[in-house]
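Novice: My questions all concern the structure below.
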Amino acid sequence: MLKGILLIFLCTFMWALNGNVGAYIFQYKAFTPDVLVAIRLTTVGVILFVHDLYRSGRYAFRVVRKRENIPAFLLYSIGGILCMQYGYFTAISYSNAPTTTLIQYTGMFFVIFVVAIKERTWPKPIVYPTLALCSLGLFLMVTGGDPTSLKVSSKALFWGLVSAVGFTNFNLAPTGLSKTYRSMEIMGPSMLLGGLLLILLTRPDFTAPTWDTTSTLCVLYTIIGGTMIPFWAFLEGARYTGAQKSSIFSLSEAVFSTIVAMVLYHLTFKTTDLIGMLLIFGSVLLLSVGKSPLP
């Protein structure tokens, strides 16, 4: 159990650092979200494809060879991974990593209500008070308690919610596929398609950012330390802790992200910000503890 907990904490710390690394190169190295996300998704997609090709040979990419898999695959790739990643880093470029991480957490409520609609039943009673807490926390973070003003820009809020929608699709779209295919088989082509589609849609200028040793190391970190290692650590940790406990421990990402931002960038938060963060964090934690809130 201890090994599993440590692996989950390693994973969430690396994810937290990943968002703050993105914030750094946006602010100081002239990177844009489309450049970073395109590089990240495409590179990881190619690496996973090569790994799948080596492991499976002619059976590589079999997830996209069946026509019936295409709708779920496209929803997972474009509506899930691409929306979640691009929305997340774009929101960070307009605000900061801790705020964006917490806005993305609201996706858990989207998951619950989408499942409720599909199952044609009401969510469990615990959902309603936690949703109220989460809404109050988001209100305090966005307005500082003053409904006539916005502390977080409308663009940051919009892209943060796009990320939350992506989080919803990321969790729900592959449920049928995951019964037949391994996670790597689904994620490889999904990331590759998402990265290539982003390049086609946004035409990012890869020469515009400041490419030096620091920025190169930061990009490499988002690929290896922000994606590949924590993904492995989370799956490995979940083997020891179980799915429910691993989801609870993964909430520490918001805590780590806040600490990293305060230490590295001397980011300060007002009392209303901290109360809002605690309310969102607490509401998601309450959803994760005890019986499943899903219908």
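Novice: Val35 - would you say it is out of contact with any helix residue (DSSP H, G or I) (no Cβ under 6 Å at 6 or more places or on another chain), within 30 Å of Thr213 (Cβ to Cβ) and buried (at least 19 other Cβ atoms within 10 Å of the Cβ)? If you could, list the steps in order and put the result at the bottom.
Specialist: Working: out of contact with any helix residue (DSSP H, G or I) (no Cβ under 6 Å at 6 or more places or on another chain): yes; within 30 Å of Thr213 (Cβ to Cβ): yes; buried (at least 19 other Cβ atoms within 10 Å of the Cβ): yes.
Taking the combined requirement at face value, the residue satisfies it.
Novice: Taking the condition of being hydrophobic (A, V, I, L, M, F, W, C), at pLDDT 75 or above and surrounded by fewer than 21 Cβ atoms within 10 Å (Cβ to Cβ), how many residues in the stretch 261-295 meet it?
Specialist: Residues flagged as hydrophobic (A, V, I, L, M, F, W, C), at pLDDT 75 or above and surrounded by fewer than 21 Cβ atoms within 10 Å (Cβ to Cβ) within the stretch 261-295 amount to 9.
Novice: Give me a count of the residues in the stretch 201-230 that are in a helix (DSSP H, G or I) and free of Cβ contacts under 8 Å to residues at least 12 places away in the same chain.
Specialist: The first filter runs over the stretch 201-230 and keeps only residues in a helix (DSSP H, G or I), leaving 201-202, 213-230.
Imposing the further condition that a residue be free of Cβ contacts under 8 Å to residues at least 12 places away in the same chain reduces the set to 201, 213, 216-217, 220, 224.
Going through the stretch 201-230 one residue at a time, the tally reaches 6.
Novice: While we're looking at this one, here's another question. Tally the residues that are farther than 14 Å from Leu192 by Cα and in contact (Cβ under 8 Å) with a residue 24 or more places away in the chain, restricting the search to the stretch 52-74.
Specialist: 4
Novice: Out of curiosity, is Pro147 more than 18 Å from Gly276 (Cα to Cα) and either in a loop (DSSP other than H, G, I, E, B) or among the hydroxyl-bearing types (Ser, Thr, Tyr) (or both)? Steps first, answer last, please.
Specialist: Values: more than 18 Å from Gly276 (Cα to Cα): no; either in a loop (DSSP other than H, G, I, E, B) or among the hydroxyl-bearing types (Ser, Thr, Tyr) (or both): yes.
No; evaluated as a whole, the condition is false for this residue.
Novice: Exactly one of (1) without any contact (Cβ under 8 Å) to a residue 60 or more places away in the chain; (2) touching a helix residue (DSSP H, G or I) at 6+ places or on another chain (Cβ under 9 Å); (3) surrounded by fewer than 21 Cβ atoms within 10 Å (Cβ to Cβ) is unmet by Val152. Its number?
Specialist: (3)
Novice: Follow-up. Only one of Val44, Val35 is part of a helix (DSSP H, G or I) and farther than 12 Å from Met187 by Cα; which? Walk me through how you get there before you give the answer.
Specialist: Numbers: Val44 fails: farther than 12 Å from Met187 by Cα.
After ruling out the rest, the residue left standing is Val35.
Novice: For residues in the stretch 87-135 being of a type in the set (Phe, Trp, Tyr) and surrounded by fewer than 22 Cβ atoms within 10 Å (Cβ to Cβ), which is nearest to Leu157 (Cα to Cα)? Step through it out loud before you land on a result.
Specialist: Filtering the stretch 87-135 down to residues of a type in the set (Phe, Trp, Tyr) leaves 88-89, 94, 105, 109-110, 113, 122, 128.
Adding the requirement that they be surrounded by fewer than 22 Cβ atoms within 10 Å (Cβ to Cβ) leaves 94, 109-110, 113, 122, 128.
Working: Tyr94: 9, Phe109: 16, Phe110: 16, Phe113: 20, Trp122: 28, Tyr128: 22 Å.
Applying the filter and picking the extreme gives Tyr94.
Novice: Quick one: which residue in Ser163, Ser190 is of a type outside the set (D, E, K, R), surrounded by 15 or more Cβ atoms within 10 Å (Cβ to Cβ), modelled with pLDDT of 90 or more and not in a loop (DSSP other than H, G, I, E, B)? Working first, answer last.
Specialist: Values: Ser190 fails: modelled with pLDDT of 90 or more.
The conditions single out Ser163.
The values are calculated or read from the model by the stated rules, or taken from the named source; none is laboratory data. Small disclaimer: the values here were computed from a predicted structure and weren't measured. All Cβ positions, glycine included, derive from the backbone under ideal geometry; neighbour counts span all protein chains shown.
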